[in-house]
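The values are calculated or read from the model by the stated rules, or taken from the named source; none is laboratory data. These figures come from a predicted structure and were not determined experimentally. Cβ: placed from backbone, ideal geometry, glycine included. Neighbour counts: every protein chain shown.
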Amino acid sequence: MWLTTNAERDALAYYYAKIKKPNDWYEFPIFSNGSCSIDEIDDETTKLLEERGLIKVKDLRMDGIRIKLTMQGFDLGHKYHNPIIRSGLWFAEYKYHWFWLIVAYFAGILSAIIVNRFS
């Protein structure tokens with residue numbers, strides 16, 4: 001499964017970094033000024049992740065918000081959290097684009113050598 005926006009990928013990676021175990025609830029407290037520790041992640045992104053079955057959310061109103069990663073969300077969060085695995089996912093999605101990028105790079109080098117030789 002691929003997540004469509006960077007916000008969803010980043011949110012899932014953030015939840016993975018905080019929770020670290022599947023099916024464990026993690027509480028994000030609400031501070032005295034009314035803000036939550038996950039305010040940088042908008043509600044729409046959290047709702048989309050919940051609709052896809054990647055997280056479960058309990059809204060405790062005054063105490064905070066509890067979030068749990070499902071098994072599928074935990075696996076995908078692990079992939080998006082680790083930069084090496086994340087680049088592998090990106091490469092798998094754009095593998096044919098990489099091929100043409102490498103061909104264009106070598107064609108540019110070859111063109112530069114030919115132009116320098118014959119000028």
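Things to note:
- Qualifying position, being of a type outside the set (F, W, Y) and modelled with pLDDT under 75, among L110, L60, L76: L60
- The set of residues from the range 87-99 being at pLDDT below 75 and either surrounded by 15 or more Cβ atoms within 10 Å (Cβ to Cβ) or more than 22 Å from R9 (Cα to Cα) (or both) comprises L89, Y96.
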